[in-house]
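See below for the structure under consideration.
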Amino acid sequence: MLASTPADDFTSADQSAIVRVEDLRKTYRSGWFGSRRLPALQGVSLEVHAGEVFGLLGPNGAGKTTLIKTLLGIIRKSSGSATIFGHPVGTSRSRARIGYLPENLRVEKHHTARSALHLYGRLSRMSSEQIRRRTDQLLAKVGLQGRDRETVRRFSKGMYQRLGLAQALMHDPDLLILDEPTDGLDPVGRSEMRELLQQLRSEGKTIFLNSHILQEVEAVCDRVAVLAGGTLRGLGSIEELTAHSGQQRFQMQVLADPQTALAALPADLAEHAHAEPQDVAAAATACRLVVLCSEDAQIDASVDALRAAGLSIRSLQLQTLSLEDAFFEMVGNAAEELR
């Protein structure tokens, strides 16, 4: 929860860019007299526009938490610039219009949902009447109406996350920064959280979402940034990221065992292929063969190689890469460069 002051109009060259990060760098120091340097962010630049859901993806140690804490003013940057609503991060004017849901929200167990929201409202300098009115609205919005006088020790993980979202919304912020909002939720809870996020977007809120669940990001985000090794590896819409590599995936049903099918492919394509056994009629041996390619000639080469080996192809289907495919390709490339 971030303390709130009265909102003011932000000034920026591009008012649609609510968050602007330019060549942001952060290096931690450890060891004797800070002699050891650990770079966490290495020249990250991005913008988050008004009214969009912006996703942040990356493996552990990518720099995601450092970026979020820098935007919140919890961590000081080493160099570069970062502004929110045209104001430097960490200032009261930039923090005033942010609602924050941390990954591990802590609420004292004696609190009820209503008393917890009252506390957060007071921290945001809201009057008792404002708190009462806003609490009633938020309890209904997040689905805790009727459960608001139970102590939070009785809350499920899903209810706790709903309360966390309500406290982030308490002072009606323009920007929400949500750190792993669906972590630990069951499929029903994740679906309900997605619906809440979509509702907030329709109300004009801007949402900065950090998540390791790619399917969630793909379902709700307008644009996505991929961090790996402290550097930005991809930035754009889901369609732009999946088309970034210029690769496609095609799958075939081949009448052969997986090892035989893979051995028949040209060596350069076999490196980017996998096969798994499949059950087919008449007890024939078959497998599902999936190959990544960057041009149509590679599809032709794969088909020709399989036929030359005397293998029958029952079906062939061309697919575009998923966000998961694109993510692992970008993160994999980063890992290779950092070795």
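The values are calculated or read from the model by the stated rules, or taken from the named source; none is laboratory data. Owing to the predicted nature of the structure, the values given are computational and were not obtained by experimental measurement. Note that we place each Cβ from the backbone using ideal geometry, even for glycine, and neighbour counts take in every protein chain shown. Please note that ligands, DNA and RNA were not included when accessible areas were found on the heavy atoms of the full protein model with its side chains. Shrake-Rupley method; radii C 1.70, N 1.55, O 1.52, S 1.80 Å.
Within segment 62-82, if we keep just the residues that are assigned to a helix (DSSP H, G or I) and of a type in the set (Val, Ile, Thr), the residue that is surrounded by the most Cβ atoms within 10 Å (Cβ to Cβ) turns out to be Thr70.
Of the residues making up segment 121-163, those that are assigned to a helix (DSSP H, G or I) and either under 21 Å from Met193 (Cα atoms) or charged (D, E, K, R) (or both) number 23.
Yes or no: Gly164 out of contact with any Ser or Thr (no Cβ under 8 Å at 6 or more places or on another chain) and open to solvent by 50 Å² or more (accessible area, probe 1.4 Å)? No; evaluated as a whole, the condition is false for this residue. Taken as a whole, the condition of being over 24 Å from Leu119 (Cα atoms), assigned by the TED database to the domain that holds Gly80 and either open to solvent by less than 20 Å² (accessible area, probe 1.4 Å) or at pLDDT below 90 (or both) does not apply to Gln199. Per the listing Gly55, Gly63, the residue uniquely under 14 Å from Ile177 (Cα atoms), at pLDDT 90 or above and not basic (Lys, Arg) is Gly55. Only one entry in Pro88, Pro59 is touching a helix residue (DSSP H, G or I) at 6+ places or on another chain (Cβ under 9 Å) and surrounded by fewer than 16 Cβ atoms within 10 Å (Cβ to Cβ), namely Pro88.
The requirement of being assigned to a loop (DSSP other than H, G, I, E, B), over 12 Å from the mean Cα position of the chain (by Cα) and modelled with pLDDT under 95 is not satisfied by Gly234.
For segment 237-252, which positions are open to solvent by less than 10 Å² (accessible area, probe 1.4 Å) and either at pLDDT below 90 or under 21 Å from Asp222 (Cα atoms) (or both)?
Leu241, Phe250
If you go through segment 263-308 and keep only what is among the β-branched types (Val, Ile, Thr) and out of contact with any Cys (no Cβ under 9 Å at 6 or more places or on another chain), you end up with Val280, Thr285, Val290, Val291, Val303.
Across segment 99-125, which residue is modelled with the lowest pLDDT among those that are open to solvent by less than 20 Å² (accessible area, probe 1.4 Å) and touching a helix residue (DSSP H, G or I) at 6+ places or on another chain (Cβ under 7 Å)? Step by step, filter segment 99-125, then rank; the result is Leu105.
Of the residues in segment 91-108, none is in contact with a Leu (Cβ under 6 Å, 6 or more places away or on another chain), assigned by the TED database to the domain that holds Lys141, in a loop (DSSP other than H, G, I, E, B) and over 30 Å from Asp148 (Cα atoms).
All of Leu185, Leu169 fail the test of being touching a Leu at 6+ places or on another chain (Cβ under 7 Å) and surrounded by 18 or more Cβ atoms within 10 Å (Cβ to Cβ), apart from Leu169. Ile207 passes every criterion in (1) more than 25 Å from Ala116 (Cα to Cα); (2) of a type outside the set (Ser, Thr, Tyr); (3) outside the structural domain of Cys293 (by the TED database) apart from (1). Which of the residues belonging to segment 305-321 are part of a helix (DSSP H, G or I), surrounded by fewer than 17 Cβ atoms within 10 Å (Cβ to Cβ) and in contact with a strand residue (DSSP E or B) (Cβ under 9 Å, 6 or more places away or on another chain)? Answer for segment 305-321, where residues must be part of a helix (DSSP H, G or I), surrounded by fewer than 17 Cβ atoms within 10 Å (Cβ to Cβ) and in contact with a strand residue (DSSP E or B) (Cβ under 9 Å, 6 or more places away or on another chain): just Arg307. Find the residue count for segment 218-231, including only residues that are touching a Leu at 6+ places or on another chain (Cβ under 9 Å), at pLDDT 90 or above and not in a strand (DSSP E or B). Matching residues across segment 218-231 total 4.
Going through Val226, Val217 one at a time, which residue ends up being touching a Ser or Thr at 6+ places or on another chain (Cβ under 7 Å) and either in the same structural domain as Gly43 (by the TED database) or free of Cβ contacts under 8 Å to residues at least 60 places away in the same chain (or both)?
On the way: Val226 fails: touching a Ser or Thr at 6+ places or on another chain (Cβ under 7 Å).
The conditions single out Val217.
With respect to Ala50, is the statement that it is over 20 Å from Glu180 (Cα atoms) and either within 17 Å of the chain's Cα centre (by Cα) or open to solvent by less than 20 Å² (accessible area, probe 1.4 Å) (or both) true? It is false that Ala50 is over 20 Å from Glu180 (Cα atoms) and either within 17 Å of the chain's Cα centre (by Cα) or open to solvent by less than 20 Å² (accessible area, probe 1.4 Å) (or both).
Residue-by-condition table, conditions (1) in a helix (DSSP H, G or I); (2) small (Gly, Ala, Ser):
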residue: Arg249; (1), (2): no, no
residue: Ala263; (1), (2): yes, yes
residue: Cys287; (1), (2): no, no
residue: Val303; (1), (2): yes, no
